[in-house]
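Undergrad: Below is a structure I'd like to ask you about.
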Amino acid sequence: MATTKAVLIIGGSGFIGTHLALKLRESHKVFATYLSKPMRIPGVTFIPLDVGNRNWVKRIVYSSRPDVVIYAAGSSNLDWAEAHARDAERVHTGGPATVSNVADILQPRFIYLSNCYVFDGNKGNYHEGDIVLPSYSLGKVKVGGENFIRGKAMNHIIIRSSPLLGCGNGRNISFLDHLRMKLIRNERIELPVSEFHSFAFITSFIDFVAKMVDSGPKNKTLHYGGLTKLTHYELARKFAKRFSYNEDLIFQSQHTKRGSIEAEIADYSLNSSWVAENLKIKPLLLEECFDLLEKELVSSF
């Protein structure tokens, strides 16, 4: 009889980590780490962890003996990474290096979650083999994490995703959570038009990662994004229209990360054709994401 795989989620109390734990707990033995505030999810064992503490990392890895490690720790907020470059490097580059080194003797499958900011944003529609040239601190530390895992882990998958849309876990408030709350309160919202993204839905992304836990290629870098490319401002307007909020509350930011509102728009969209063709993972249109989100919102009431 096949044994149940043990999965260790580093960063299990975050937006992505919580969704992963909820998805995997029915079919796997799930251990999830948190930095300071644990979540409570039936069927999931939460463990405190600072990825900078090598001895504690070693203790957790050896006690959980994971078949699969998913590294989902750290904030993906651009402003935070710019303001706290050393902390960002510690969690996004040093953290996966420490966990991978410690777990090496167990030879687990290592899934490292990266993002679109490893690219420079000059052309968009990025394929897995395109040259990485990050302009933001977040992208630079993600490249550092990718490079270490690629060179060290014998059985790894690196998954780069576009920004993910979905409801937060009640503690980590998502972009859509913030947007909904402001629209409900009839508050003015200013959002940038400085970047194009191929936004993806969190549940579909989690399904993809879960599939990679049990199957899929080894030692590859994969992209996952949606099929609709737009700015945060355009996304918010479409969200408001779809869910019958007041679109007129949403305005373009007068200043962007690339300067004035007239500055050239960066394009960080990802091309997901490889996973669609070879793994039968379906990227979604924005309208399809909204359909799934509507079902989740209805079921939560």
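Undergrad: Conditions first: (1) modelled with pLDDT of 95 or more; (2) closer than 30 Å to residue 102 by Cβ; (3) outside any helix (DSSP H, G or I). Residue 213 passes all but one, so which condition is the exception?
TA: (3)
Undergrad: Next up: How do the helices (runs of 4 or more DSSP H) wholly within the range 24-102 filter down when requiring 2 or more residues that are at pLDDT 95 or above and hydroxyl-bearing (Ser, Thr, Tyr): which remain?
TA: Here the list reads 54-64.
Undergrad: Go through the residues of the range 148-159 one by one and say whether even a single one is crowded, with 19+ Cβ neighbours inside 10 Å, within 13 Å of the chain's Cα centre (by Cα), under 30 Å from residue 40 (Cβ atoms) and touching a residue at least 24 places away in the same chain (Cβ under 8 Å).
TA: yes
Undergrad: With respect to residue 138, determine if the residue is modelled with pLDDT of 95 or more, farther than 21 Å from residue 275 by Cβ and not in a helix (DSSP H, G or I).
TA: Judged against the criteria, residue 138 is not a match.
Undergrad: What pairs come out if I take residues in the range 96-114 that are touching a residue at least 24 places away in the same chain (Cβ under 8 Å) and farther than 25 Å from residue 75 by Cβ and pair them with residues that are small (Gly, Ala, Ser) and surrounded by fewer than 22 Cβ atoms within 10 Å (Cβ to Cβ) whose C-beta lies under 9 Å away, six or more apart or interchain?
TA: none
Undergrad: Filter the range 271-296 down to the residues that are of a type in the set (Lys, Arg) and either under 17 Å from residue 158 (Cβ atoms) or without any contact (Cβ under 8 Å) to a residue 12 or more places away in the chain (or both) and list them by number.
TA: 280, 295
Undergrad: Take residue 144 and tell me if it is closer than 30 Å to residue 109 by Cβ, in a helix (DSSP H, G or I) and either at pLDDT below 95 or not polar (S, T, N, Q) (or both).
TA: When the stated conditions are applied, residue 144 passes them.
Undergrad: Now for a different question. Scan the range 175-202 for residues that are within 18 Å of residue 76 (Cα to Cα) and either in contact (Cβ under 8 Å) with a residue 60 or more places away in the chain or outside any helix (DSSP H, G or I) (or both) and report the count.
TA: Selection size over the range 175-202: 13.
The values are calculated or read from the model by the stated rules, or taken from the named source; none is laboratory data. Quantities reported herein were computed from a predicted structural model and do not represent experimental measurements. Cβ: placed from backbone, ideal geometry, glycine included. Neighbour counts: every protein chain shown.
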